[in-house]
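Below is one structure; the comments refer to it alone.
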Amino acid sequence: MHGQRYIPMLLDRVAAGELSTSHLATHSVTLNEAPSAYDMFKHKSDGCVRAVIRPE
């Protein structure tokens, strides 16, 4: 698997600030907003590519 080969190098580059991950998540919501985030992701509304659900 390619992940086993490249993940350590990629994590090092992210930690060094060489790679940005901000484009991977388009929305950040609280746990209470999770149901609407799942719906938003399912229907790709509001440009949702990935929603990060964080505890409050």
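The values are calculated or read from the model by the stated rules, or taken from the named source; none is laboratory data. Because the structure is predicted, anything quoted here is derived from the model rather than measured. A quick note on method: Cβ atoms are made from the backbone with ideal geometry, for glycine too, and the neighbour counts reach across all protein chains shown. When the accessible area is computed, the model is the full protein with side chains, heavy atoms only, and any ligands, DNA or RNA have been set aside. Shrake-Rupley method; radii C 1.70, N 1.55, O 1.52, S 1.80 Å.
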Per the filter on segment 1-33, residues of a type in the set (Asp, Glu), part of a helix (DSSP H, G or I) and open to solvent by 100 Å² or more (accessible area, probe 1.4 Å) are 12
Can you say whether residue 36 is in a helix (DSSP H, G or I) and open to solvent by 60 Å² or more (accessible area, probe 1.4 Å), as far as the supplied structure shows? yes
Taking first residues from segment 1-15 that are on the phi > 0 side of the Ramachandran plot and second residues anywhere that are charged (D, E, K, R) and surrounded by 11 or more Cβ atoms within 10 Å (Cβ to Cβ), the pairs with Cβ under 7 Å that are 6 or more apart or on different chains are none
When (1) at pLDDT 95 or above; (2) under 17 Å from the mean Cα position of the chain (by Cα) are applied to residue 49, the one that fails is (1)
